[in-house]
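First the structure, in the form of structure tokens, and then the observations on it.
Please treat every number below as a calculation from the coordinates, not as lab data. Given the structure is predicted, the values throughout are model-derived calculations rather than measurements. Reconstructed Cβ throughout: ideal geometry from the backbone, glycine too, with neighbour counts over all protein chains shown.
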Amino acid sequence: MTRFAVLASGRGSNLEALLDATAAPDVPGRVCVVASNRRRARALELATERGVPTAVLSHKGFAKRKAYDRALADLLAVYQPDWILLAGFMRVLTPTFLDAFEGRVLNIHPSLLPAFPGLHAQRQAIEAGASESGCTVHLVDRGTDTGPIVAQAVVPVLSGDTEDRLAGRILAAEHRLYPMVTRWVAEGWVTLDSGGVSFDLPEGASRRIPM
Ligand code: GRF
């Protein structure tokens, strides 16, 4: 059984989709802990409601990012996760954390990377006049949203879209894409070696899904 630690700072809608997906008996993966830097994150409540262990490590009180990341890595290690899933975790992770889980940290970002990395990706897409956008699950490296892409879901940008409307459409796509990739990882269909990510997907599976 593949063990996933989920890191979330906020409302936790992706976490909820991941908890639903990993509760399915035919998925060989389980969320072993949900951790947050915010004590009041809704994500923690969702985990508790499902009987999943939670952990809180506030960033307040840590003078250096590196010290926080060391403490967070140590805290998660107790739960022996195979993979770390970032789901709206509002902190940039330093190499101190990433080295502890090398090549085993995934993130979901609300754009079709490499377009529109960083904050306000939906607003960036609208302002750029993009005709489509979507979301990307990628491995986390030392850059901002620059790691190897695992899969993407594409949605249209419609005329008259506001940032909120587009964000809602993308979020619905996120809730399909992240569980799909999590399943791939749990099944061992996505592997990493020195050459990068390789895929051994079942017939019909696509790394770019239209919505
Ligand atoms: C999502 O838009 C995700 O793409 C981004 O953070 C947001 C998290 O939302 N990384 P939620 O907390 O999962 O609802």
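Here are some notes:
- Pick from segment 154-194, criterion part of a loop (DSSP other than H, G, I, E, B) and of a type in the set (Ser, Thr, Tyr), ranking: nearest to the chain's Cα centre (by Cα): SER194
- When ILE84 is tested against (1) within 22 Å of PRO210 (Cβ to Cβ); (2) crowded, with 21+ Cβ neighbours inside 10 Å, exactly one condition is not met: (1).
- Pairs where the first residue, in segment 83-108, is under 15 Å from GLY10 (Cα atoms) and the second is small (Gly, Ala, Ser) and within 11 Å of the ligand (Cβ to nearest atom), C-beta under 6 Å, 6+ apart: ALA87/ALA8; GLY88/ALA8; GLY88/SER9; GLY88/GLY10; PHE89/ALA8; PHE89/SER9; MET90/SER9
- Taken as a whole, the structure places ALA24 among residues that are closer than 17 Å to TYR178 by Cα, out of contact with any Cys (no Cβ under 8 Å at 6 or more places or on another chain) and more than 16 Å from the ligand (Cβ to nearest atom).
- Residue pairs whose Cβ atoms lie under 8 Å apart, sitting 6 or more positions apart in sequence or on different chains, and linking a residue in segment 193-211 that is more than 26 Å from ALA172 (Cβ to Cβ) to a partner that is part of a loop (DSSP other than H, G, I, E, B), are GLY196/PRO148; ASP200/GLY188; ASP200/TRP189.
A quick yes/no check of all residues on (1) of a type outside the set (Ser, Thr, Tyr); (2) assigned to a helix (DSSP H, G or I); (3) buried (at least 16 other Cβ atoms within 10 Å of the Cβ):
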| site | (1), (2), (3) |
| --- | --- |
| ALA17 | yes, yes, yes |
| ALA21 | yes, yes, yes |
| ARG40 | yes, no, no |
| THR48 | no, yes, no |
| PHE62 | yes, no, yes |
| LEU75 | yes, yes, no |
| MET90 | yes, no, no |
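- Of the residues making up segment 126-166, those that are within 12 Å of the ligand (Cβ to nearest atom), within 19 Å of LEU18 (Cβ to Cβ) and of a type in the set (A, V, I, L, M) are VAL137, VAL140, ALA153.
- With respect to the conditions (1) aliphatic (A, V, I, L, M); (2) without any contact (Cβ under 8 Å) to a residue 60 or more places away in the chain; (3) farther than 24 Å from GLY195 by Cβ; (4) not in a helix (DSSP H, G or I), ALA151 lacks only one, and its number is (3).
- Among the residues listed as ALA55, ALA67, the single one being away from the ligand (no atom under 16 Å from the Cβ) and either part of a loop (DSSP other than H, G, I, E, B) or surrounded by fewer than 16 Cβ atoms within 10 Å (Cβ to Cβ) (or both): ALA67
- Restricting LEU119, LEU177 to residues that are crowded, with 22+ Cβ neighbours inside 10 Å and out of contact with any helix residue (DSSP H, G or I) (no Cβ under 8 Å at 6 or more places or on another chain) narrows the list to LEU177.
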